[in-house]
Number of protein chains: 2
Amino acid sequence: MGVLSEGLTQVLIPVAALIGLGFALLQWYLVSKVRVSGHSGGHKSYKDSLIEGDFEEGVDSLEVSAKCAEIQNAISVGATSFLFTEYRYLGIFTGVFGVIIFLFLGSVKGFSTKSEPCTYNTGNICKPALANALFSTIAFLLGALTSVLSGFLGMKIATYANARTTLQARYGVGKAFITAFRSGAVMGFLLAANGLLVLWVTINLFKLYYGDDWEGLYESITGYGLGGSSMALFGRVGGGIYTKAADVIADNVGDNVGDIAGMGSDLFGSYAESSCAALFVASISSFGVSHDYTAMSYPLIISSMGIVVCLLTTLFATDIFEVKNVSEIEPSLKRQLLISTVLMTAGIATVNFFALPSEFTLFNFGTDKVVKNWHLFFCVAIGLWAGLAIGYTTEYYTSNAYSPVRDVADSCRTGAATNVIFGLALGYKSVIIPIFSIAIAIYVSFSLAAMYGVSVAALGMLSTIATGLAIDAYGPISDNAGGIAEMAGMSHEIRERTDALDAAGNTTAAIGKGFAIGSAALVSLALFGAFVSRAGIKTVDVLTPKVFIGLIVGAMLPYWFSAMTMKSVGSAALKMVEEVRRQFNTIPGLMEGTAKPDYATCVKISTDASLREMIPPGALVMLTPLIAGTFFGVETLAGVLAGSLVSGVQVAISASNTGGAWDNAKKYIEAGVNEHAKALGPKGSDAHKAAVIGDTIGDPLKDTSGPSLNILIKLMAVESLVFAPFFATHGGIIFKWL
Amino acid sequence: MGVLSEGLTQVLIPVAALIGLGFALLQWYLVSKVRVSGHSGGHKSYKDSLIEGDFEEGVDSLEVSAKCAEIQNAISVGATSFLFTEYRYLGIFTGVFGVIIFLFLGSVKGFSTKSEPCTYNTGNICKPALANALFSTIAFLLGALTSVLSGFLGMKIATYANARTTLQARYGVGKAFITAFRSGAVMGFLLAANGLLVLWVTINLFKLYYGDDWEGLYESITGYGLGGSSMALFGRVGGGIYTKAADVIADNVGDNVGDIAGMGSDLFGSYAESSCAALFVASISSFGVSHDYTAMSYPLIISSMGIVVCLLTTLFATDIFEVKNVSEIEPSLKRQLLISTVLMTAGIATVNFFALPSEFTLFNFGTDKVVKNWHLFFCVAIGLWAGLAIGYTTEYYTSNAYSPVRDVADSCRTGAATNVIFGLALGYKSVIIPIFSIAIAIYVSFSLAAMYGVSVAALGMLSTIATGLAIDAYGPISDNAGGIAEMAGMSHEIRERTDALDAAGNTTAAIGKGFAIGSAALVSLALFGAFVSRAGIKTVDVLTPKVFIGLIVGAMLPYWFSAMTMKSVGSAALKMVEEVRRQFNTIPGLMEGTAKPDYATCVKISTDASLREMIPPGALVMLTPLIAGTFFGVETLAGVLAGSLVSGVQVAISASNTGGAWDNAKKYIEAGVNEHAKALGPKGSDAHKAAVIGDTIGDPLKDTSGPSLNILIKLMAVESLVFAPFFATHGGIIFKWL
C-alpha cells in the first residue's frame, strides 16, 4: 500500500477538481473586467488612454466598443443557434445509440473476462449482464452530456472573450494576449475539472451498486469514454464543415463551433477515455484484484495533480512573464508547454511516492508481471515528455519563425502548384519525429507495465490538458478578435496586432492537434489492449488471415473518412459560392453596397450542409466496429483497430500540419516581417495569391478531416471495448457460416 | 503427381518464353513498317493518302516526317544518355550491395529454417552459409541486370514508336492507336518472356550445384527478386524526378525514362518477386519436400500460360476489333483487361489440372494443411479477378468519361483550391474498392492455402502482365506522340487525335499503377510470410511492444519516403524555373525567338537533380530493413513490414489516382467533348488555369512518389527475406543490451 490513505484520496480528488473550477471562475472574472460596451476599457478609462497616447486615433472609442459588442453578440447568437440545432441531432443519436448499447450488452447472458465466453452451464463466475448493460448506458449518457457541456461552455467563453481581446489590442499586444490567454485558461480548467469531477461522482455512485466488484464497475465506466468521444466526433465534423462552408460572419461563428466546441469535446473525450482505459486495465490487472483503493485511483490522482500543476503554469504566462511585443507571443506559449511538463514531472514523482505501493503485480495476458513504483513513474513521464516532443515538432513545422514554413512560402514564387507540393511534403515529413516519440513512449511503457503502462502514458500526455487547452483555445479566440477588428473597421495597427496573435494561434492550434493525435494513439492502444483482454483473445497475430484483412481494411478507413469529410467541405463551399453569386445577381444594389446581403440563407446553407454531411462519416466510424465485430468477429476487429490506429495517426498529423503550415505561410507573406517575406508580398501579389490557394486547401485538412481522425481511432477502440462481451459471445457470424 | 511429366515441364516453360519473344519481335516488325523519314507512311503511299483525302492539308509530308524523325532521335539520345548515367550509379550501388549481401549472409555460420538458428554444435541439419551467400549474390546481380535490361529495352521500343504513332495519327486515330498499342505489346511480351527465361535458366544452373536441396536453391533464388526490385526503385524515383523537373524536350525524355524504363523495371520486379516468393514458399512447404518437380514449377507454368493467353488477347485489339474513332480507344483497352482475365481463368484451370496433384500437404507455421487442386485454382483466380476489379475501379476514378473526374473538373469553376480538395478526396475514396478486393483475395487465398496461396494469388494478378504492360506502356508512347505532333507543328486535328490517345493513356497508366500496387500488396505479404518462416518466428503478435513499434514506424515510412520524393521534385522544378528565367534574362533574342535556348544546361539540371535526389529515398528503403533487423531484431522488422504494407498501399493508390484524375480533368476541359466541358473551357479560362495547377500537383504524386511506394513495400519485404538468416542469428542488438 502507498502512503496516501483511502479517505484522504477520496477528499483530494474532488478538492483538486474544485480548485480547478475556482481558478477557471477567477480567470473569467478577470476577463469580464474588460467592458465591451458603454465604456471603452476595464481597468483604464478612456481619458487615461488618450493621455498615455497609445489609443487609437480618429476612431471614437464608444462607437467602436458598441460595434464590437454588436458583432460579438451576433457571433454568440449564431454559434448558440447552430449548436442547439446540432444538439437536437445529437440528442436523437444519443438516445438511439444508448438503446443499442443496452440491447446489445443486455443480450449477453453473462460474461467472464477470464477465459471463454461463459454460459449458465459452465462453472465460470459470470457477471449479470443486465447490470453491465444498464450502467454502461448510464455512463455513456453521462459522458455524452459532459462532452456536450464542455464544448458548449467553451463556446460561451470564447464568444465572450473575442471582442474583449479586440478592444484590448488597442492598448497593446500584451493586453490583448493576456485576455485571450486567460479566456483559453477558463476553458481549459473548466473542462479538466469538470471531467474529473463528473467521473469521480459517477464512480462513487456506481460503487453503491457494484460494491466490491471493481472489475464490473470500471467495465461499465468505459461507457463514459464512449459517450464523450462520440459527441466529439460529430462536434468536430459538423463544426468543421460549418466553419469552412461559412461566409464572413459565419466564419467567426464556425471557429467557435468547430475549433472551440468541437475541440473541447474532443480533448474531453481523450481525457475521459484515457482515464477509463487506465481505470479498467487497473481493475483487471492488479489494484482492482487486491482492492487497493488509492492505487486504483492513481489515474484520477494524476489528473488532480495535473490541475494543480497547470494552475501554477498559467501564472507564468499571466503574471510572471509579460508579453511586451509581437515576437514574444509564440515563445510565451511555447514556454507554457515546457513549464507544465517540467512541473508535472515532479508532480508525477510525488503522486507515485504517496499513492502507489513500492511494488505490485500486473496480470498481462495470462502472465504475471512485477512492476515497481518507479517503473510507473517512467511510464507516465515518458508519455508527458513525448507530448512535449510532439508539441515542439509541430511548432517547428507550422510556425513561420522557422525554415519549413518559410520554404513553403518561398515556393509560392513559382505558383500555387509548388506551394501545394511543398506543403504536402512538409506535412508528410512532420510525421517522422512524432511517430518515433510515440513509438518510444509505447515501447518503454509497454515493456515496463504492459497495457497499464500504455494507458498511464496516455494519461501523462494529457495530464497537462488544462494548459494544452488554454493555449489551444487561445488560437480561435485571437482569430475571432482579428475578424471583429476588421469588421469594426479598426485601424491597420490594431489588425496587425490581432494578426500576430492569430499567427501564434495557428501554431498553438496545430500543437493542440498534435497532442490530441499523440494521446489518441496511446489511448487507442490502451483501449485496444483492454478490448483484447475483455474479448478473451490471447494473441493478435498478423499472420492469420482474419487479423490481416482487418489490418489492411482498418488502415484504409482514415482515407475513406477523409474522402467523405473533405468532399463535404468542398461541396458545402461550392454551394455557398453559388449562393453568394446568386445574391449578387438578384439583389439590386448589393454590388454597390447599398443593399444588405441575405445572411440568413447563407447561414442556413452552412448549417444544413454540416448537419447533413456529418452523418455519413459519423455512421462510418460508429458502425464499423459493430459490423466488423458482429460479422467478422473479434480477431478481425482487433486487426481493424490496429490498422486504423497506425494509419490514422499518420494521416491526421500530416493533414493538421500541412494545413497549419499553409495558413502561416500566407500570414508570413502578409506580415512581411523580413526582406524575404517582403519580396514575396504584399497582399495581392502572385505569390500571395498562391499562398491563399494553399491556405484554402489546408482548411478542411486542418479543421475537419485531420482533427476528426484522432476521434475516429479512439472512438472505434472504446466502442469495441464497450461491446466486447457482445462480440465475444455473438460475433463472427460470417465465419461461422463459411 | 499431376499429369504433366517433369521432362515436358522442362520443355514447355522455355518454349512459352520463346513464343513470347517471337511475338514481341513480330509486333516490332509490324511497327517498324511505319517509316519515320524519307517516306511518309509504311503501307500507304503519299499519293494514296491524298486521294483518300484524310491526309493533312498544307503540311508537306516529307518535311513533317523528317522533323518527327529528328525529334524522335533527340528524345532517344536524351533518354539513352540519362539512363546510361543512371546505370553508372546503379552499377556502383549493385556492386556495393552485392558485397553486403555476400558478407552478411556469409557471416551466418549455417542456418536451418526448421527451428532455432543452428550452430555447428547442434544436431540441426544446417546449410553451408557460404554457398547461400554466393548464390544469393549471383541471383541478385542477375535480377538487377534483367531489371535494367527490361527498362532499357522498353525505353528503346517506346522511343522507336512515338514518332511513328504521331505520323500514323495523320491517317486516323485507329492507325495511331494500333501503332502505339503494338509497341506497348512489344515491351510487355519482351519483359514477361525475358523474366521467365532468365529465371528458368538460373534455376537450372543453380540446380547443378544444389541438386536435391530445393529449399537451399529457392532460398538463393530470392536474391533475383531483390535485384529486380532495387533497380526498379531507383529507376522509378530517378526517372520520376527527372520527368517532372524537365522542360519541354526533356519532358518527353522523362516519360521514357520514368514511365517506361522505371515502370518496366518495377513490374519486372513484381513479377520476379512473386515468382520467387511462390517458389520459395513451395520449396519449404510441400512440393520441395516431396520433390515433385512439375508441381514445384507451378508458378513458372502459370507465367508460361499467361504469355500464351496474353498473346491471344493482343490479337483482339490489333486484329479482331478495330478502333475507328476516339470514343472507342478506352473501351478497347478496357476490353483487353476483361478478355485476358477470362481467358486466363480457363488457362489456370488447365494448368491446375495438368500440373498439380489432386491433393497435397502444405506446412504452415508448424501445422499441416491439406490443399486440394481446385483450392489452388481459386487462389490464383481470385488474385487475377481482384486485379481486374482494381483495374476497373481505377479506370472509373481516373477516366474523364465518368462522374468522379467530371466532378473534379467542375470544381475548377471555383478555383484551384476546390480542385485540389476534390482531387485529394477522389484519391482517398478510390482506395476503398481496391482495398476490399485485396482483402478478399488475401482472405480466400490465405485460408485455402496459407502463404503459398497468397503468393500464387499475387502471381495470378501478374499472370497477364504482358497485356497489363502493353496497355500501360501505350500511355507514355501516346503522350510522346502528342508532344512530337506539337513540336513538329502538326495541325490541330492531329493533335486532337493524339490528345485522345493520351487521355486514354493516362487512364491506362493509372490502371497499370493499380495493378502494380495491388500485386505488390499480395507479393509483399507472401514475402513477409516467407521471411517470418525463414527467420523462425512463430507469431507476429501486435500486442507485443517490439512488434507494435515496428508496425507504427513502418506505417510512417511511406510518408517519410513521399516527403523526400515530393520535395525533390519540387526543388528540381524550382531550379529549372530559375534556370529558364535566367536564360530569358541573359540570352539576347531568346524572348523574341531569334536565339536558341541552352537546352544542355536544363537537361544537366534535371539529370543532376534526379540522380542526387534519388539517393536519400533509396537509402531509406534499402537501409530500413537492415537497421531494423540488425538492431531491433526480427519481430520489430516483421512489424515494420506489416505496417509499411498496410499503410503504403493506401498512400500509393490514392496518390496515383489523384494525379491521374487531375490530369484527365484538365484534358476534359481542354477537349470540350460536351456542353459541360465547353462551359468550363477553353484553354486559358479560369477553370482551365485551376485545372492546370491540379495537374502540376498531381505529377509528382502519380509519377514519382505514388508508384515508387509499391516498390518500397515489396523491396523491404524481399530484402528482409534475403537477409533473414543474418537477422535471426545476429539481429536485435539493442534489445540484447537492454
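The values are calculated or read from the model by the stated rules, or taken from the named source; none is laboratory data. These numbers come from a predicted model, not from an experiment. Cβ: placed from backbone, ideal geometry, glycine included. Neighbour counts: every protein chain shown. In case anyone asks, the SASA skips ligands and DNA or RNA and just uses the protein heavy atoms, side chains included. Shrake-Rupley method; radii C 1.70, N 1.55, O 1.52, S 1.80 Å.
Filtering the range B:635-671 to residues that are more than 13 Å from chain A (Cβ to nearest Cβ) and among the aliphatic types (A, V, I, L, M) leaves B:A665, B:I669, B:A671. Could we say that B:I669 is among the β-branched types (V, I, T), surrounded by 24 or more Cβ atoms within 10 Å (Cβ to Cβ) and more than 30 Å from B:I549 (Cβ to Cβ) here? Judged against the criteria, B:I669 is a match. Residues that are under 31 Å from the mean Cα position of the chain (by Cα) and open to solvent by 30 Å² or more (accessible area, probe 1.4 Å) were ranked within the range B:346-364; the one that is farthest from B:V173 (Cα to Cα) is B:N364. The helices (runs of 4 or more DSSP H) found wholly in the range B:405-518 and carrying at least 2 residues that are modelled with pLDDT of 90 or more, open to solvent by less than 20 Å² (accessible area, probe 1.4 Å) and facing another protein chain (nearest Cβ under 10 Å) occupy B:416-429, B:432-462. Restricting attention to the range A:576-591, does a residue exist that is buried (at least 24 other Cβ atoms within 10 Å of the Cβ) and within 9 Å of another protein chain (Cβ to nearest Cβ)? The answer is no, given that none of the residues of the range A:576-591 is buried (at least 24 other Cβ atoms within 10 Å of the Cβ) and within 9 Å of another protein chain (Cβ to nearest Cβ).
Taking the criterion of being polar (S, T, N, Q) and in a helix (DSSP H, G or I), the residues of the range B:313-351 that qualify are B:T313, B:T314, B:T318, B:S327, B:S332, B:Q336, B:S340, B:T341, B:T345, B:T350.
When A:F632 is tested against (1) within 13 Å of chain B (Cβ to nearest Cβ); (2) more than 30 Å from A:A717 (Cα to Cα); (3) surrounded by fewer than 24 Cβ atoms within 10 Å (Cβ to Cβ), just one condition goes unmet, and that condition is (2). If the condition is being crowded, with 23+ Cβ neighbours inside 10 Å, more than 8 Å from chain A (Cβ to nearest Cβ) and either among the small types (G, A, S) or touching a strand residue (DSSP E or B) at 6+ places or on another chain (Cβ under 7 Å) (or both), then the range B:534-544 contributes only B:A535. Out of all the residues in the range B:246-254, is one or more modelled with pLDDT of 90 or more and in contact with a Cys (Cβ under 9 Å, 6 or more places away or on another chain)? Scanning the range B:246-254, I find no residue that is modelled with pLDDT of 90 or more and in contact with a Cys (Cβ under 9 Å, 6 or more places away or on another chain), so the answer is no.
The lone criterion from (1) surrounded by fewer than 20 Cβ atoms within 10 Å (Cβ to Cβ); (2) closer than 30 Å to B:K736 by Cα; (3) more than 12 Å from chain A (Cβ to nearest Cβ) left unmet by B:T594 is number (2). Among the residues of the range A:174-203, those that are of a type in the set (A, V, I, L, M) and open to solvent by 10 Å² or more (accessible area, probe 1.4 Å) comprise A:I178, A:L190, A:L197, A:V198, A:V201. If you check A:S220, A:S265 for being among the small types (G, A, S), farther than 20 Å from A:L701 by Cα and in a helix (DSSP H, G or I), only one passes: A:S220. Can you tell which of A:G633, A:G570 is touching a helix residue (DSSP H, G or I) at 6+ places or on another chain (Cβ under 8 Å), over 30 Å from A:I71 (Cα atoms), in a helix (DSSP H, G or I) and of a type in the set (G, A, S)? Of A:G633, A:G570, the one residue that is touching a helix residue (DSSP H, G or I) at 6+ places or on another chain (Cβ under 8 Å), over 30 Å from A:I71 (Cα atoms), in a helix (DSSP H, G or I) and of a type in the set (G, A, S) is A:G633. Hey, does the range B:537-551 have a residue that's among the polar types (S, T, N, Q), within 23 Å of B:A450 (Cβ to Cβ) and more than 25 Å from the chain's Cα centre (by Cα)? Yes; the residues of the range B:537-551 include at least one that is among the polar types (S, T, N, Q), within 23 Å of B:A450 (Cβ to Cβ) and more than 25 Å from the chain's Cα centre (by Cα). Taking the range B:306-315 as the range and being farther than 14 Å from B:Q27 by Cβ and either buried (at least 23 other Cβ atoms within 10 Å of the Cβ) or of a type in the set (F, W, Y) (or both) as the test, the residues that pass are B:G306, B:V309. Taking A:A278 as meeting all but one of (1) more than 24 Å from A:F360 (Cα to Cα); (2) crowded, with 24+ Cβ neighbours inside 10 Å; (3) of a type outside the set (D, E, K, R), write down the number of the exception. Among (1) more than 24 Å from A:F360 (Cα to Cα); (2) crowded, with 24+ Cβ neighbours inside 10 Å; (3) of a type outside the set (D, E, K, R), A:A278 violates only (1).
Applying the criterion of being in a helix (DSSP H, G or I) and touching a residue at least 40 places away in the same chain (Cβ under 8 Å) to the residues of the range B:352-372, the residue that is farthest from the other protein chains (Cβ to nearest Cβ) is B:F354.
For A:T398, are the conditions met, namely being of a type in the set (S, T, Y), at pLDDT 90 or above and under 20 Å from A:P299 (Cα atoms)? So A:T398 fails the test.
Among the residues of the range A:215-264, just one is of a type in the set (G, A, S) and open to solvent by 10 Å² or more (accessible area, probe 1.4 Å), namely A:A246. Of all the residues in the range A:688-738, those that are in contact with a Cys (Cβ under 8 Å, 6 or more places away or on another chain) and open to solvent by less than 10 Å² (accessible area, probe 1.4 Å) number 4. Checking A:V99, A:V148 one by one, the residue that is modelled with pLDDT of 85 or more, open to solvent by 40 Å² or more (accessible area, probe 1.4 Å) and either assigned to a helix (DSSP H, G or I) or of a type in the set (S, T, N, Q) (or both) is A:V99 and no other.
Checked against (1) in contact with a Lys or Arg (Cβ under 6 Å, 6 or more places away or on another chain); (2) not in a helix (DSSP H, G or I), A:V673 passes all but a single condition, namely (1).
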